[in-house]
Amino acid sequence: MHRSIENLASASLDAVFPRRCILCGAIVGSVPWSPAPLCTSCERTLECIRGPRCGRCGRQLISEQDYCVECRGEEAALSRIVPLFEFRGGAARLIHAYKIGERVSLAQYFAYKIAQEKTFSDPAPGDFFLVPVPPRPEKVRSGKLDQVGVIAEALARFGFRHRRPLVRLPGGGQQKLLDRAERLKNASASYALAPSGQIPGRVVLLDDVCTTGATLEACAKLLIQAGAEVIGAIVLAAD
Ligand SMILES: [Zn+2]
Ligand SMILES: [Zn+2]
């Protein structure tokens, strides 16, 4: 059963600790990402990825090459991933607070940040659909937050549309215990097209933390096989 943002907000810790910054505890005034509990000073210190970036995985480049070592010579269905943050420091704490602490109103901040990112949405976010990477079915059944889906919903106020043409299949091992080749194999067995899902014409995938990109690659392949054009992916952070 899909719970709405409103229900989650009232059920979460946000109701208990309103408007205190997750990172420093200061009272949060009016911010562009209200009601997300993040103050402007902490926001300025978050680990944003700055250029030059790898043309494929979006990680910061150390050398002046176009692609990072991992992406050089890689064949991939997904040509471009844009992470907002590096998965460390304050950015990692913020994402943990959202994912594990279920601080649902942080979705407003992530939506705000994604809306600022112009790689895919310039000139307008209206010419593609965001497709959130679906959560585990076990998670949905136990009533846990669909973090990625909630961010996609929060992006509606910035003019982004989304669809859910994918499902995650039950079972499947923990990705983090596998090596790269195993991850790719495991990921492609973990997702499928939703039986009643409408396949959007142009797609930008949305996910929270990208490690090897295996999940995004598997989702991109499914959508491409079904006739969609996948122009890239936006993720909160690259690990
Ligand atoms: Zn703060
Ligand atoms: Zn790369």
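Readers should treat all values here as calculations from the given coordinates under stated rules, not as data from a laboratory. Note that the structure is predicted; figures quoted are calculated from it, not measured. Neighbour counts run over all protein chains shown; Cβ positions are idealised from the backbone, glycine included.
Label sites at S79 and Q198, each approximated as a point 7 angstrom past Cα along Cα to Cβ, lie 2.6 nm apart.
Total lysine pairs in the chain at Cα distances under 17 Å, for residues eight or more apart or on different chains: 6. Model label sites at A189 and T45, defined 7 Å from Cα along the beta-carbon direction, differ in position by 4.5 nm.
Site pair R141 and I27 shows an inter-label distance of 4.6 nm when each label is modelled 7 Å from Cα along Cα→Cβ. Chymotrypsin sites (Phe, Trp or Tyr not before Pro), restricted to segment 124-224: which are DSSP loop and have at most 16 other Cβ atoms within 10 Å? Sites meeting the loop and neighbour criteria: none at all. Packing around the peptides 88-99, 39-50, taken as the average count of other Cβ atoms within 10 Å per residue, puts them in this order, highest first: 88-99, 39-50. Kirkwood radius, segment 5-238, all distinct C-alpha pairs, inverse of mean reciprocal distance: 18.3 Å.
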